[in-house]
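The values are calculated or read from the model by the stated rules, or taken from the named source; none is laboratory data. Fair warning: this is a prediction, and the values are worked out from it, not measured in the lab. Here the Cβ is made from the backbone with ideal geometry for all residues, glycine too, and neighbour counts use every protein chain on show. Please note that ligands, DNA and RNA were not included when accessible areas were found on the heavy atoms of the full protein model with its side chains. Shrake-Rupley method; radii C 1.70, N 1.55, O 1.52, S 1.80 Å.
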Amino acid sequence: METKPVITCLKTLLIVYSFVFWITGAILLAVGVWGKLMLGPYISLIADNSTNAPYVLIGTGTVIIVFGLFGCFATCRGSPWMLKLYAMFLSLVFLAELVAGISGFVFRHEIKGTFHRTYTDAVLNYNAEDEASRAVDNIQHRLRCCGVYNYTSWLGSVYYPSNGIPASCCFNSSDCNLDDLRNSTVAPSKVYHQGCYELVTSFMETNMAIIAGVTFGIAFSQLIGMLLACCLSRIITANQYEMV
């Protein structure tokens, strides 16, 4: 009877943890769907080819939701082998998140280099119609920037000879016409001078430590679930305790 309060306490804690774990899966699933629907063009500028990152988030979120429910079920049933399986899954999630966090931090410079290359290609091959071109327009409009380093990046694009600098570079669209954008003397006074590459990479550098900290924090939180599941399984097995 002395172990009953301990088991009840562990059971309660593990159910609460599993519920929180389930919520993180739902968040990952929602972020993945949102990323696929809303950020597809932006993500394509960060990777050389179409990236599967949104699908990875959707898949990971779905798996976590399933195992979060499994963790609650295993806890309520008090099944040692189910609890051990749940702990094993949490250990795999921990290792995956740890590797992802370390890789993102270590290879951040390669990510910046890839973004520079793909964004430069998007500017040089801009046609105002394809997905990459629309992503460039959105970035320039939202971040209030122009070109890779500045507006002169557009002078070597295939779009410039016929159409000038894109209208998304204008800081006042009502005072920015096609003739102005074609004129290399007038255009500088009509468009943003800040380059988009510097803004994006500065944001990455500023927030990389925060992103890495959150990733590692979430990863190490799996250790709590692993500890609770293993302890509960061990106590139930040792005391031949049956839960209904």
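Mind listing whichever residues of segment 214-244 are modelled with pLDDT of 85 or more and either under 17 Å from I102 (Cα atoms) or of a type in the set (S, T, N, Q) (or both)?
S233 - this is the single residue of segment 214-244 that is modelled with pLDDT of 85 or more and either under 17 Å from I102 (Cα atoms) or of a type in the set (S, T, N, Q) (or both).
Provide a single number: the residues in segment 192-213 that are open to solvent by 60 Å² or more (accessible area, probe 1.4 Å), part of a helix (DSSP H, G or I) and either of a type outside the set (A, V, I, L, M, F, W, C) or modelled with pLDDT under 70 (or both).
Number of matching residues: 6.
Residues are listed down the side, and each one gets a yes or a no for (1) touching a residue at least 24 places away in the same chain (Cβ under 8 Å); (2) outside any helix (DSSP H, G or I); (3) open to solvent by less than 30 Å² (accessible area, probe 1.4 Å):
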| position | (1), (2), (3) |
| --- | --- |
| T75 | yes, no, yes |
| A87 | yes, no, yes |
| I111 | yes, no, no |
| F115 | yes, no, yes |
| N138 | yes, no, no |
| C146 | yes, yes, yes |
| T152 | no, no, no |
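Please determine, by comparing only the residues of segment 117-131 that are in a helix (DSSP H, G or I) and either of a type outside the set (A, V, I, L, M) or open to solvent by 30 Å² or more (accessible area, probe 1.4 Å) (or both), which one is modelled with the lowest pLDDT. Walk me through it before giving the result.
Initially, segment 117-131 is screened for residues in a helix (DSSP H, G or I), giving 117-124, 131.
So of that shortlist, the ones also either of a type outside the set (A, V, I, L, M) or open to solvent by 30 Å² or more (accessible area, probe 1.4 Å) (or both) come out as 117-121, 124, 131.
Numbers: R117: 87, T118: 86, Y119: 88, T120: 90, D121: 90, L124: 92, E131: 79.
The selected residue is E131.
Can you report the number of residues in segment 154-183 which are in contact with a Phe, Trp or Tyr (Cβ under 8 Å, 6 or more places away or on another chain), over 30 Å from K36 (Cβ atoms) and surrounded by fewer than 15 Cβ atoms within 10 Å (Cβ to Cβ)?
Result for segment 154-183: 1.
P80: surrounded by 15 or more Cβ atoms within 10 Å (Cβ to Cβ), touching a Lys or Arg at 6+ places or on another chain (Cβ under 9 Å) and at pLDDT 85 or above, yes or no?
Criteria met by P80.
Regarding segment 95-107, can at least one residue be identified that is surrounded by 14 or more Cβ atoms within 10 Å (Cβ to Cβ), closer than 18 Å to C196 by Cβ and among the β-branched types (V, I, T)?
There is no residue in segment 95-107 that is surrounded by 14 or more Cβ atoms within 10 Å (Cβ to Cβ), closer than 18 Å to C196 by Cβ and among the β-branched types (V, I, T).
Residue pairs, Cβ under 6 Å, 6 or more apart or interchain, first in segment 214-234 and among the aliphatic types (A, V, I, L, M), second open to solvent by 10 Å² or more (accessible area, probe 1.4 Å) and at pLDDT below 85. List them.
Here the result reads A219/F94; A219/E97; A219/L98, each pair linking segment 214-234 to a residue that is open to solvent by 10 Å² or more (accessible area, probe 1.4 Å) and at pLDDT below 85.
So Q140 clears everything in (1) within 19 Å of K190 (Cα to Cα); (2) out of contact with any Cys (no Cβ under 8 Å at 6 or more places or on another chain) except one condition, right? Which one?
In the conditions (1) within 19 Å of K190 (Cα to Cα); (2) out of contact with any Cys (no Cβ under 8 Å at 6 or more places or on another chain), Q140 misses (2) alone.
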